[in-house]
1. Given the residues PHE10, PHE86, which is the only one that is hydrophobic (A, V, I, L, M, F, W, C), out of contact with any strand residue (DSSP E or B) (no Cβ under 9 Å at 6 or more places or on another chain) and in contact (Cβ under 8 Å) with a residue 60 or more places away in the chain?
2. Please state which of the following conditions LEU23 fails to meet, knowing it meets all the rest: (1) more than 27 Å from ALA74 (Cβ to Cβ); (2) of a type outside the set (Phe, Trp, Tyr); (3) surrounded by 11 or more Cβ atoms within 10 Å (Cβ to Cβ).
3. Can we say PHE7 is aromatic (Phe, Trp, Tyr) and not in a helix (DSSP H, G or I)?
4. Report yes if VAL84 is modelled with pLDDT of 90 or more, of a type in the set (Val, Ile, Thr) and in a helix (DSSP H, G or I), otherwise no.
5. Going through the stretch 48-71 one residue at a time, which ones are hydrophobic (A, V, I, L, M, F, W, C), over 14 Å from VAL37 (Cα atoms) and in a helix (DSSP H, G or I)?
Amino acid sequence: MCSIHCFVLFLKLCSYIFCLQALENEIASHEPQLMSVVAVGDDLVQHQHFGADRIQDRLQEILGMWQHLIDAEAYRRKRLEEAVDFHQVG
C-alpha cells in the first residue's frame, strides 16, 4: 500500500516539475521584451525626460518584481527537487 502511495506521489512530483519547466520557459521568453522596455526607460531617464523620476521609480519597481519572480521560481524548483530526492532515497 505504501509503495503505491509513494509511487503516485512521486508521479505527482514529476508532473509538478514538468509544469515548472513550462513556467520557467514562459518566464524566460518574456525576459528579452522586459529588458527592452527597461532599456527604453533608462534611455528616457538619461535624456532627462520630464517624468524621469517617476520612470526611474517604476523601473526599479518592475525589476524588483521580476527578481522576486525569478527567486520564487528558483525556490520552488529547489523544493521540488528536494522532494524528489527524498522520495528516491526513501
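The values are calculated or read from the model by the stated rules, or taken from the named source; none is laboratory data. Everything numeric in this text was worked out from a predicted model, so none of it was measured. Neighbour counts run over all protein chains shown; Cβ positions are idealised from the backbone, glycine included.
1. So the residue among PHE10, PHE86 that is hydrophobic (A, V, I, L, M, F, W, C), out of contact with any strand residue (DSSP E or B) (no Cβ under 9 Å at 6 or more places or on another chain) and in contact (Cβ under 8 Å) with a residue 60 or more places away in the chain is PHE10.
2. (1)
3. no
4. In short, no.
5. ALA52, MET65, LEU69, ILE70
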